[in-house]
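Data first, discussion second: the structure below is written as structure tokens.
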Amino acid sequence: MSDTAAAQARPEASILHVDMDAFFLSVELRERPDLTGRPAAVAAPSGRSVVLSASYEARAYGVRSAMPLAHARALCPPLVVVPPRQDVYRSVSADVMALLGQVTPVLEQLSVDEAFLDVAGARRRLGPPARIGGLIRRRVREELGLPCTVGAAGVKFVAKMASTAAKPDGLLVVPPERTLEFLHPLPVGRLWGVGPKAAEALRRRGMATIGDLAAADPEQLERAFGAAGRSWVQLSRGIDPRPVAPRPAARSIGADHTFDVDPLDVAGVDLEVLRLCHRVAARLRAEEVAAGAVTVRLKDPDGRVRSRTARLARPTTTAHGLLGPARRLVAELHAQRPHPVRLVGVRAERLTDADEPAPEQEALFGGPGFGDDDAAEGVAGDWAGAEAAADAVARRFPTAAVRPASLLRRGAEQPDARHEAPGP
């Protein structure tokens with residue numbers, strides 16, 4: 001089969017790429033309609049934070065995700081900064097994925113705000129891919145109050161490129177027989193996997209467009225760029241045999257925090273360790289997994305990263321179960337090398353199914369937020385029920401917060417999800 005024939009093998013554009021538009025900010029706009037049409041960004045309002053999501057009005061000024069907030073403010077003086085709420089975004093993401101799962105069970109989630117769907121099996125029930133894409137956009141808008149963009153094609157990477165071309169709040173279907181017509185005029189830097197440096201190197205070799213790359217000799221590209229070069233040629237010819245498949249279960253769940261002022265000792269890190277343990281535990285419960293180990297990571301101002309892991313006595317889904325070992329690890333790392341801390345991270349590892357948690361002895365006193373390290377490191381008590389109740393409050397009242405009293409001291413209640421891990 002020729003390359004062109006291979007690109008046209010799938011009879012319909014039955015692979016969809018669904019991408020939420022400015023996801024974090026769109027979630028905030030549901031409660032802040034006054035920001036509609038204004039340059040706005042989700043970011044912690046001070047310190048070394050970065051932009052997590054930006055409105056298209058802000059992007060017109062040059063503001064982009066992952067840009068330092070200070071730079072974004074300089075580019076866009078009228079920028080409105082909205083503090084992030086990661087737990088809310090994860091909850092809404094679960095709602096989005098549940099809705100997509102009603103369209104087809106053949107779903108591959110890429111991140112909190114995008115997924116591939118193979119709708120070949122849904123055509124008889126829902127119609128052609130263009131109709132299914134329109135249905136998804138309408139349901140996400142009506143049921144969740146959010147905009148999304150859908151790209152449809154015969155192969156995965158072209159569907160993703162179609163959604164990029166259709167943004168924001170659009171729908172683009174690339175029929176398989178028009179795959180090369182769509183791809184070849186595009187700049188070579190638009191090809192999946194070709195970064196800015198590689199794009200410049202390709203342009204120096206006379207390959208400015210994806211069509212130029214498609215005409216290249218794969219062996220020559222492989223000699224110049226390794227295995228990636230041959231892969232680029234295949235993609236440029238519309239060849240992408242990868243199926244839509246669910247991603248494997250997460251092997252770890254974590255979060256981290258970058259300090260505005262680097263603490264010098266363990267006490268200065270402790271409140272953030274407590275907060276991060278609660279964030280990680282909430283995700284464990286949401287994903288119905290339990291942690292068998294916890295890892296703590298410290299980053300020094302000079303960029304050096306140190307980490308240490310501890311096995312847990314029993315699998316846990318609670319912040320209580322993570323906190324004692326995490327505190328010990330911080331103390332051990334600091335004793336090993338006393339040094340200011342730029343970033344602290346907590347990660348739950350050795351994940352197992354949480355359907356049948358190990359029995360935990362009940363405690364009468366102590367636990368996270370009480371300042372009693374011995375109690376926090378000992379028996380778990382009835383924290384699973386208490387933390388599950390807090391989850392229920394958060395689901396029903398997203399803007400409310402139930403947290404340990406320790407986090408209400410010294411201004412610790414302020415949101416700080418600047419560098420939280422995006423998750424699996």
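So Thr309 clears everything in (1) farther than 21 Å from Leu271 by Cα; (2) at pLDDT 85 or above except one condition, right? Which one?
(1)
Consider only pairs whose beta carbons are under 7 Å apart and that are at least six residues apart or on different chains; among these, list those whose first residue lies in segment 316-337 and is closer than 14 Å to Val305 by Cα and whose second residue is part of a helix (DSSP H, G or I).
Val330/Val266; Val330/Val269; Val330/Val273; His334/Val266
Can you list residue pairs whose Cβ atoms sit under 6 Å apart, with the first residue in segment 338-352 being not assigned by TED's automatic domain parsing to the domain that holds Ala291 and in a strand (DSSP E or B) and the second being at pLDDT 90 or above and surrounded by fewer than 20 Cβ atoms within 10 Å (Cβ to Cβ)? Count only pairs 6 or more apart in sequence or on different chains.
none
Residues in segment 152-171 that are under 21 Å from the mean Cα position of the chain (by Cα), within 20 Å of Ser53 (Cβ to Cβ) and not acidic (Asp, Glu): how many?
Residues in segment 152-171 being under 21 Å from the mean Cα position of the chain (by Cα), within 20 Å of Ser53 (Cβ to Cβ) and not acidic (Asp, Glu): 5 in total.
Return yes when Val194 is in contact (Cβ under 8 Å) with a residue 24 or more places away in the chain, surrounded by 15 or more Cβ atoms within 10 Å (Cβ to Cβ) and not in a strand (DSSP E or B) and no when it is not.
Criteria met by Val194.
With respect to the numbered conditions (1) crowded, with 18+ Cβ neighbours inside 10 Å; (2) out of contact with any strand residue (DSSP E or B) (no Cβ under 8 Å at 6 or more places or on another chain); (3) in the same structural domain as Ala94 (by TED's automatic domain parsing), which one is the sole condition not fulfilled by Lys160?
Against the list (1) crowded, with 18+ Cβ neighbours inside 10 Å; (2) out of contact with any strand residue (DSSP E or B) (no Cβ under 8 Å at 6 or more places or on another chain); (3) in the same structural domain as Ala94 (by TED's automatic domain parsing), Lys160 comes up short only on (2).
For segment 287-330, name all the residues that are in a helix (DSSP H, G or I) and surrounded by 19 or more Cβ atoms within 10 Å (Cβ to Cβ).
Ala319, His320, Gly321, Leu322, Leu323, Gly324, Pro325, Ala326, Arg327, Leu329, Val330
Exactly one of (1) among the basic types (Lys, Arg); (2) at pLDDT 90 or above; (3) within 26 Å of His257 (Cα to Cα) is unmet by Arg138. Its number?
Just one mismatch for Arg138, condition (3).
Test Arg125 against the stated conditions and say whether it is out of contact with any Leu (no Cβ under 7 Å at 6 or more places or on another chain) and either closer than 25 Å to Ala54 by Cα or surrounded by fewer than 16 Cβ atoms within 10 Å (Cβ to Cβ) (or both).
yes
Hey, any hits in segment 56-66 for a residue that's among the polar types (S, T, N, Q), within 18 Å of the chain's Cα centre (by Cα), modelled with pLDDT under 95 and surrounded by fewer than 21 Cβ atoms within 10 Å (Cβ to Cβ)?
yes
Taking the criterion of being within 20 Å of Arg350 (Cα to Cα) and assigned by TED's automatic domain parsing to the domain that holds Leu351, would at least one residue in segment 256-275 satisfy it?
yes
Would it be correct to say that Leu79 is in the same structural domain as Pro33 (by TED's automatic domain parsing), closer than 23 Å to Asp260 by Cα and aliphatic (A, V, I, L, M)?
Yes, satisfied.
Tell me, please, whether a residue that is farther than 16 Å from Cys148 by Cα, part of a helix (DSSP H, G or I) and out of contact with any strand residue (DSSP E or B) (no Cβ under 6 Å at 6 or more places or on another chain) can be found in segment 90-97.
Taking every residue of segment 90-97 in turn, at least one turns out to be farther than 16 Å from Cys148 by Cα, part of a helix (DSSP H, G or I) and out of contact with any strand residue (DSSP E or B) (no Cβ under 6 Å at 6 or more places or on another chain).
State whether one or more residues within segment 17-37 are on the phi > 0 side of the Ramachandran plot and surrounded by fewer than 19 Cβ atoms within 10 Å (Cβ to Cβ).
There is at least one residue in segment 17-37 that is on the phi > 0 side of the Ramachandran plot and surrounded by fewer than 19 Cβ atoms within 10 Å (Cβ to Cβ).
I'd like the residue in segment 128-149 that is touching a helix residue (DSSP H, G or I) at 6+ places or on another chain (Cβ under 8 Å) and more than 22 Å from Thr36 (Cα to Cα) and, out of all such residues, is surrounded by the fewest Cβ atoms within 10 Å (Cβ to Cβ).
Checked segment 128-149; the qualifying residue surrounded by the fewest Cβ atoms within 10 Å (Cβ to Cβ) is Leu135.
The values are calculated or read from the model by the stated rules, or taken from the named source; none is laboratory data. All values reported here derive from a predicted model rather than from experimental measurement. No Cβ is skipped: glycine too gets one built from the backbone with ideal geometry, and neighbour counts run over all protein chains shown.
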